[in-house]
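Student: The structure follows.
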Amino acid sequence: MSETSQELKKEFELERMILFSDAVFAIGITLLVIEIKFPEIPAEATREAIMAAFKPVYIRFFAFMLSFFYIGMMWSRHLKMFKYLRTYDDGLIMRNLIFIFFVVCFPFTVSGFSENVKDGHVFPIFFYLVNIWLVNVAHFWLCYYLFKQKKQLCLPGFEAEKKYMLLTGGVTTLILTITLSLMIIMSFIYPGELIPVISSIYLMPVLLVISKRKLKKYKPVKPKV
């Protein structure tokens, strides 16, 4: 087989892996909305009964919306990361599979988060946030593998973009780790109480805003057209 044929074969195989990943993201998001069912409302139902019937739907839709935009953000990061690829190896395939495995776990963890959260039963929230944390850890692991361990798999150059992507992934994973640790500590201090545990989540957006400002100096400047 000629060198040109080998390069075309490699490019086709790489494209298959990327398309497979995209399909998994799309299926994961689709399965999220399938879980939301329109409530059955009797014809003689009062306004209060209708509002009560829709309450679980509001919660499920909020969980769907939150997860939809999070998965969309991770797909965007995955897309930006893979645009620097020129070839692949078994290590990349394995890490990519682990990453998308945690993505498709979302329909399961979202159903627990949206239907079972109440005082004395905060485990579904932990399970959902651990899912988010694992997606970030797997993404950072994939990013580190490509941009640090196996640089030869990527196109040469674009060092500022790669560094910024690696820093962003690492800082986000660290912030999620801190938030989860605080939630675990609060659950031991206030066992069975939902509000104190949920309140610790507010630390996450604060840290994310601070980190975004700190990382701004590393963000590559796009050339003017």
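No lab work stands behind these numbers, since they all come straight from the coordinates. Just so it is clear, the structure is predicted and the values come from calculations on it, not from any experiment. No Cβ is skipped: glycine too gets one built from the backbone with ideal geometry, and neighbour counts run over all protein chains shown.
Student: Would you kindly work out the equivalent ellipsoid of the chain from its C-alpha gyration tensor and give its semi-axes, the square roots of five times the eigenvalues, largest first in whole Å? Present the calculation step by step, with values, prior to reporting the outcome.
Tutor: Details: eigenvalues 292, 107, 48 Å².
Gyration-tensor ellipsoid for the chain: 38, 23, 15 Å.
Student: How do Asp90, Asp22 line up, fewest other C-beta atoms within 10 Å first?
Tutor: Details: Asp90 7, Asp22 15.
Ascending Cβ contact count within 10 Å gives the list Asp90, Asp22.
Student: Another question, if that's okay. Let me know the shape class of the stretch 51-115, please: from the alpha-carbon gyration tensor, a ≥ b ≥ c as square roots of the eigenvalues, rounded when a/c is under 1.5, otherwise prolate if a/b is greater than b/c, or oblate. Numbers along the way, then the final one.
Tutor: Values: a/c = 7.42, a/b = 2.59, b/c = 2.86.
Because a/c hits 1.5 or more and a/b fails to exceed b/c, the stretch 51-115 counts as oblate.
Student: Can you put Phe38, Phe54 in order, fewest other beta carbons within 10 Å first?
Tutor: Details: Phe38 8, Phe54 14.
Ascending number of Cβ neighbours within 10 Å: Phe38, Phe54.
Student: Give me the angle, in degrees from 0 to 90, between the Cα long axis of helix 159-189 and the longest principal axis of the Cα atoms of the chain, rounded to the nearest 10.
Tutor: 30 degrees
Student: What longest range of the chain stays clear of loop-exposed trypsin sites (Lys or Arg not before Pro) (DSSP non-H/G/I/E/B, at most 10 other C-beta within 10 angstrom)? Could the numbers behind the result be given before it?
Tutor: Working: sites that count: Lys37, Lys224.
It works out to 38-223.
Student: Now, a different point. What angle, in degrees between 0 and 90 and rounded to the nearest 10, separates the Cα long axis of helix 203-215 from the longest principal axis of the Cα atoms of the chain?
Tutor: Taking Cα atoms only, the helix is inclined about 30 degrees.
Student: Further question on the same structure: For Leu85, enumerate residues with amide H under 5 Å from its amide H, sequence gap 5+ or separate chain, H modeled in the peptide plane.
Tutor: The answer is Leu155.
Student: Residues with amide H under 5 Å of Glu193's amide H, sequence separation 5 or more or different chain, H placed in the peptide plane at 1.01 Å from N; which?
Tutor: Residues meeting the amide H criterion: Gly120.
Student: Can you tell me which of Phe99, Phe20, Phe158 moves the most in a GNM of the chain? Springs connect C-alpha atoms under 10 Å apart.
Tutor: Phe158
Student: Find how much the distance from Asp90 to Leu174 grows on full extension, using 0.36 nm per residue of separation minus their present alpha carbon separation; answer in nm with one decimal. If you can, show how the numbers build up before the last one.
Tutor: Values: separation 84, 0.36 × 84 = 30.24 nm, distance 2.72 nm.
Gain on extension, Asp90 to Leu174, equals 27.5 nm.
Student: Taking neighbour Cβ counts within 10 Å as the exposure measure, how do Val171, Val209 sort from fewest upward? List each step's numbers first, then the result.
Tutor: Values: Val171 18, Val209 10.
Fewest-to-most Cβ neighbours within 10 Å comes out as Val209, Val171.
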